[in-house]
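Below: the structure, in structure tokens.
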Amino acid sequence: MENIPANLISLIAFAIVMLVAMLLLALKNRFSQQINKLEQALQNQEMQLIALQTALSQNQALLEASQQSYQASQLENEQVSKQLEHRIKVMQTQFNDKWQVIEQQLQQQPEDKLYSRAQKLVELGADIAEIMRECDIPRAEAEMLLAIHRQKASKY
């Protein structure tokens, strides 16, 4: 190193310093570009986050509105259901009452049925023998039914 002049050592040192400075400058530029890209990515993500938060708020508002609508609909359905249950009970009671009347009429004495049938036969124009035979009633009763029918017919 004694043979190397001091100028040359300073020149080499200066060259090394310049080379290091250029490398540092290149690294600084490269890191600046990466920082810019990262900042843009961060801004994009922040905008996406804001958009997602807005969408979330809107969806929450829609959900609350849907829940309120559902609750109102459920309340209305419960009221309608109670009204229908009441109507069904009333109709069931009416049905049972009518069914009892029908049962009572079906269990009437057989004689009532025979006289009703005899009356129908008289209205259809049956004679005394046919009425007696079909309804199993005495001749006097058959004649009386015919006489009553003739009286009604002569009035009209």
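Number of residues in the stretch 125-156 that are out of contact with any Phe, Trp or Tyr (no Cβ under 8 Å at 6 or more places or on another chain) and not in a helix (DSSP H, G or I) equals 6. In summary, M132 fulfils each of the numbered conditions (1) surrounded by fewer than 10 Cβ atoms within 10 Å (Cβ to Cβ); (2) touching a Pro at 6+ places or on another chain (Cβ under 9 Å) with the single exception of condition (1).
Scanning the stretch 28-51 turns up no residue that is free of Cβ contacts under 8 Å to residues at least 12 places away in the same chain and outside any helix (DSSP H, G or I). Tell me, yes or no, whether the stretch 71-80 has at least one residue that is among the small types (G, A, S) and under 40 Å from the mean Cα position of the chain (by Cα). Scanning the stretch 71-80, I find at least one residue that is among the small types (G, A, S) and under 40 Å from the mean Cα position of the chain (by Cα), so the answer is yes. Being at pLDDT 85 or above and assigned to a helix (DSSP H, G or I) is the filter here, so list the residues in the stretch 102-124 that pass it. Q119, K120, L121, V122, E123 - these are the residues of the stretch 102-124 that are at pLDDT 85 or above and assigned to a helix (DSSP H, G or I).
State yes or no: is L62 modelled with pLDDT of 85 or more, surrounded by fewer than 10 Cβ atoms within 10 Å (Cβ to Cβ) and not charged (D, E, K, R)? Steps first, please.
Details: modelled with pLDDT of 85 or more: yes; surrounded by fewer than 10 Cβ atoms within 10 Å (Cβ to Cβ): no; not charged (D, E, K, R): yes.
Against the criterion (modelled with pLDDT of 85 or more, surrounded by fewer than 10 Cβ atoms within 10 Å (Cβ to Cβ) and not charged (D, E, K, R)), L62 does not qualify.
The values are calculated or read from the model by the stated rules, or taken from the named source; none is laboratory data. Quick caveat: nothing in here was measured; it's all calculated off a predicted structure. Here Cβ is always computed from backbone atoms with ideal geometry, including for glycine, and neighbour counts include all displayed protein chains.
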